[in-house]
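Structure, as C-alpha cells:
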Amino acid sequence: MKGITLNYALIFAVILQAIGLIWYVSKLDSKVETVYEFYQEESQKSVVETQVKMKFDLALVMKELQSIKEDIKEGKDKSKEIMAQHGQIFKLLQGKVKIPSGYNYQ
C-alpha cells in the first residue's frame, strides 16, 4: 500500500452514492407496495361488483324464463281449445250435414 494514495473525497462520494441508491430503492419499493395494495383493493371491489351484476342478471333471466313458461302454458291451453273446435267441425262433417251452396231466392 506504499504506492497507492487514496483520495478521501472519492471514497466519500462513492459511499454517498451507495447510500443514495439504497434510499432510492427503498422509496421505490414503498411506492410499489402502495400501488400493489391499491390494485388488490380495486380488484376485490371489481370482483364484488361483477358478482352483484351477475346475480342481478340471473334474477332477470329467471324472471324472463318464468314469463316464457307462462306463455307456453297459455299456448298449450289455446292449442287444446283449437283441437276441441276442430273435433267438433270434423264431427259435423262426418254427419254429412249439407250446407247449400250458391244462392237460393225462395
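Conditions (1) outside any loop (DSSP other than H, G, I, E, B); (2) open to solvent by 90 Å² or more (accessible area, probe 1.4 Å); (3) small (Gly, Ala, Ser), marked per residue:
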site	(1), (2), (3)
5	no, yes, no
11	yes, no, no
20	yes, no, yes
26	yes, no, yes
29	yes, no, no
32	yes, no, no
44	yes, yes, no
Does residue 88 fit the bill of being of a type in the set (S, T, N, Q) and open to solvent by 100 Å² or more (accessible area, probe 1.4 Å)?
yes
So which pairs qualify, if the first residue must be in the range 10-26 and touching a residue at least 40 places away in the same chain (Cβ under 8 Å), the second must be part of a helix (DSSP H, G or I) and exposed (fewer than 10 other Cβ atoms within 10 Å of the Cβ), the Cβ gap must be under 9 Å, and the two must be at least 6 apart or on different chains?
none
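The values are calculated or read from the model by the stated rules, or taken from the named source; none is laboratory data. Predicted, not measured: the structure shown is a model, and the values here were computed from it. Backbone-built Cβ (ideal geometry, glycine too); neighbour counts: all protein chains shown. Heads up: the accessible areas ignore ligands, DNA and RNA and are worked out on the full protein's heavy atoms, side chains in. Shrake-Rupley method; radii C 1.70, N 1.55, O 1.52, S 1.80 Å.
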